[in-house]
């Protein structure tokens, strides 16, 4: 994830953050689940496309 601009959080190694100006994309990984959240819709879409190229995944939509 580092080559894509994400940095691990020092206090939580399951959280990766990418900051770009006032925008932030957060990726949380737990076993085989991922949560992506952001104030940047384009950032989410770009990350999802990147991850889909690297891994077999399903988008289960929004959190409940």
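Structure above, values below:
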| item | result |
| --- | --- |
| Out of 34, 57, sole residue that is more than 16 Å from residue 5 (Cα to Cα), in contact with a strand residue (DSSP E or B) (Cβ under 9 Å, 6 or more places away or on another chain) and not in a strand (DSSP E or B) | 57 |
| Residue in the stretch 11-18 that is part of a loop (DSSP other than H, G, I, E, B) and either in contact with a strand residue (DSSP E or B) (Cβ under 8 Å, 6 or more places away or on another chain) or modelled with pLDDT of 90 or more (or both) present | yes |
| Residue within the stretch 37-52 that is loosely packed, with under 10 Cβ neighbours inside 10 Å, modelled with pLDDT of 85 or more and part of a loop (DSSP other than H, G, I, E, B) present | no |
| Lone qualifier among 27, 63 - being within 16 Å of residue 5 (Cα to Cα) and touching a residue at least 24 places away in the same chain (Cβ under 8 Å) | 27 |
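The values are calculated or read from the model by the stated rules, or taken from the named source; none is laboratory data. The model shown is predicted, which means the values in this text are computed figures rather than measured ones. All Cβ positions, even for glycine, are placed from backbone atoms using ideal geometry, and neighbour counts span all protein chains on display.
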